[in-house]
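First up is the structure itself, then whatever we jot down about it.
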Amino acid sequence: MRTKIKVAILGGSGFVGMEIYRILKNQPEVSIEFVSSESLAGQSVEKYYRVLNSKNRQLKFKPVHELTHGFDVIFSCLPTGVLPTYIDDIKAKALVVFNVSGDFRLKERDHLEKYYPQSLKADSYLASQYFIPEFHQIDRNAKIINLPGCMAVASIYSLYPLVKHQLIENRVVIDAKTGSSGGGKKSSETHAERAHNIRPHKVHGHRHQPEIIHAFRDMCGAVLELQFSTYSLDLPRGIMVTAYSQLKENISELDVKRSFYRDFKPLTFIDYLKDSGGRFNPMIKSTAGTNRVEVAAYVDGKNCVSICTLDNMIKGAAGQAIQAFNQFFDYPEYQSLNFQNEGMWP
């Protein structure tokens, strides 16, 4: 009989940490034995997670420095900039660290200085892997597996067949719209600003822009000229990415449809909606609460618009981490995630 996998969750009081805990707690092969929170140390984990409605109140939040040796897996959901402070100590206490925060996603020093300066305090980014479950094989020799940013991975899904098969010109414009949970529990946006409103969040200079560029360069050898802008939605969760591109000469709408169908049909969690009419368009509503992705592409002459929707907390964060976990330990990709097949409809 396989020994239970001993798991720790760092930053467990945040939205993503809670999702990882919720998804894994019913997996019989897993034993969650440590959940960190600096501000809630000593409080019951499941009492704080009221949505779990559990009477098991034995596990308590602890500060990160109380993490002991002997863990198989650490899920790091710490705020961006915090993990580098602890990483040299943390990575010695587990077989692998699945990192959901932004630290270590990028490798170029100038980009780290601009977007993730705290990462330069540790050399761990050099020995880590950037991992998208659908497009990479996990490196079991890497101590840190970095999961993509939620808006970055939604953008990558929206464009992947077009870039991989060299169907479009290098100039791409993306607008990414996201719900309020993407800002975390300590977001500076108040409800009064966000409610009944859609507004620009970051028109230029969002840190997911270089991540998208680097991902396509590494996966496809493509160099994109990318305009990436983000917007805040009056929703608690969900992302819709719209990518605008130009088809190359002699590329047809049929070429686009075939590339999306061929690349996404074998994938467990990505649904290519080839019927672009009526209710078969990608929607946040039909992916919220699931690990599913909806993608579609629309062609008018040389103009191509490709759209992706997903749940930023699950498929954009916790679900990706669980997929990485499953691949690392040779579990079925859908394990712990297959109960989240349908959106909250209507």
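The values are calculated or read from the model by the stated rules, or taken from the named source; none is laboratory data. Small disclaimer: the values here were computed from a predicted structure and weren't measured. We place every Cβ from the backbone using ideal geometry, glycine too, and count neighbours over all the protein chains shown. We work out accessible area using only protein heavy atoms, side chains counted, and drop any ligands, DNA or RNA first. Shrake-Rupley method; radii C 1.70, N 1.55, O 1.52, S 1.80 Å.
Does anyone have the angle between helix 150-164 and the longest principal axis of the chain? Alpha-carbon axes, 0 to 90°, nearest 10?
Approximately 40 degrees, to the nearest ten.
DSSP beta bridges in the chain, what fraction antiparallel, as a percent rounded to 5?
So the antiparallel bridges in the chain amount to around 45 percent.
Using the alpha-carbon atoms, what tilt in degrees (0 to 90, nearest 10) does helix 15-24 show relative to the longest principal axis of the chain?
Compared with the principal axis, the helix lies near 80 degrees.
Roughly how many nanometres apart are two label points built 7 Å out from the Cα toward the Cβ at Y261 and L95?
The answer from the label model is 4.1 nm.
May I ask you to rank H208, H69, H196 by accessible area, largest first, using a 1.4 Å probe over the protein chains only?
From most accessible down to least: H196, H69, H208.
Pop the C-beta distance of T3 and Q246 into the FRET formula with R0 = 51 Å and round what comes out to the nearest 0.05.
0.40
Give me the angle, in degrees from 0 to 90, between the Cα long axis of helix 253-264 and the longest principal axis of the Cα atoms of the chain, rounded to the nearest 10.
For 253-264 against the chain, the angle is about 20 degrees.
Mind checking the per residue accessible area of segment 225-330 for me, 1.4 Å probe, whole number of Å²?
Dividing the accessible area of segment 225-330 by its residue count gives 39 Å².
Give, in nm to one decimal, the length gained when the segment between V305 and K107 is fully stretched (0.36 nm per residue of separation minus the Cα-Cα distance).
So the extension gain works out to 68.3 nm.
What do you reckon, how do D72, D300 stack up by accessible area (1.4 Å probe), largest on top?
Sorted by accessible area, descending: D300, D72.
For segment 1-48, what does the accessible surface come to per residue with a 1.4 Å probe? Please give it in Å².
With the other protein chains kept in place, segment 1-48 gives 45 Å² per residue.
Would you compute, from DSSP H runs of 4+ residues alone, the mean residue ellipticity of the chain at 222 nm, taking -39500 (n - 2.57) per run and dividing by the full residue count, rounded to the nearest 500?
So the helix-based figure for the chain works out to -7000 deg cm²/dmol.
Plugging the Kirkwood radius over Cα pairs into Stokes-Einstein for the chain, at a temperature of 20 °C and a viscosity of 1.002 mPa s, what D comes out in µm²/s?
104 µm²/s
With all protein chains present, how much of the accessible area of the chain (probe radius 1.4 Å) comes from carbon and sulfur, to the nearest whole percent?
After summing per-atom areas, the C and S share lands at 50 percent.
Provide the FRET efficiency to the nearest 0.05 for the T190-H136 pair, computing r from the beta carbons and using R0 = 22 Å.
Approximately 0.05, to the nearest 0.05.
To the nearest Å, what is the center-to-center distance of segment 66-88 and segment 12-28, using C-alpha atoms only?
16 Å
From largest accessible area down, sort R171, R109, R292; use a 1.4 Å probe on the protein chains.
Result of the area sort, largest leading: R109, R171, R292.
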